[in-house]
1. Residues that are without any contact (Cβ under 8 Å) to a residue 24 or more places away in the chain, surrounded by fewer than 14 Cβ atoms within 10 Å (Cβ to Cβ) and among the aliphatic types (A, V, I, L, M): does the stretch 64-86 have at least one?
2. Find all pairs meeting these conditions: Cβ atoms under 7 angstrom apart; at least six residues apart or on different chains; first residue within the stretch 16-39 and among the aromatic types (Phe, Trp, Tyr); second residue surrounded by 14 or more Cβ atoms within 10 Å (Cβ to Cβ) and not in a strand (DSSP E or B).
3. Can you tell me which residue is surrounded by the fewest Cβ atoms within 10 Å (Cβ to Cβ) among those in the stretch 28-41 that are at pLDDT 95 or above and not polar (S, T, N, Q)?
4. Scanning for something small (Gly, Ala, Ser) and at pLDDT below 90, does the stretch 42-65 turn up at least one residue?
5. Give me the helices (runs of 4 or more DSSP H) completely within the stretch 1-93, filtered to those with at least 1 residues that are under 21 Å from GLU107 (Cα atoms), ordered by residue number.
6. Of all residues in the stretch 86-98, which are modelled with pLDDT of 90 or more and farther than 18 Å from PHE10 by Cα?
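The values are calculated or read from the model by the stated rules, or taken from the named source; none is laboratory data. What you see is a predicted model, and the numbers here were worked out from it, not measured in a lab. Ideal geometry is used to build each Cβ from the backbone, glycine not excepted, and the neighbour counts take in all protein chains shown.
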Amino acid sequence: MVISLVGMRFHLRVGILPHERTHAQPLEIDLSVTRRDDARDILDYRALYALAADRTAMEPLEYLESLASSIADAALGLDGVTHARVAVRKPHVLLDGPLAYAEVVVERQRD
């Protein structure tokens, strides 16, 4: 069974540039977890949302990679979760051309 929360939105300070350390910006997070079919308890969506919200609250954050990894590792700690996929998107990236967003995807699997 796969459970997904798609397009969670948070507003926080993230990045390594000086203006990113002082001005909050939007981030979007997708979190999908795979559970064993024999998992006993129901997984409450609020627990998944809380994982993302708790980790974004640890701002200022430097890298999307570390945020995605932290969320994936925490999701694997939930009962019955065997796989976690986290995508973190940053829509406001200053580059020399048009860009919809930068995205980092992390996947973790329990052995």
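1. no
2. none
3. The residue in question is GLU28.
4. Looking through the stretch 42-65, none of the residues is small (Gly, Ala, Ser) and at pLDDT below 90.
5. Qualifying helices (runs of 4 or more DSSP H): 45-56, 64-76.
6. Within the stretch 86-98, GLY97, PRO98 qualify.
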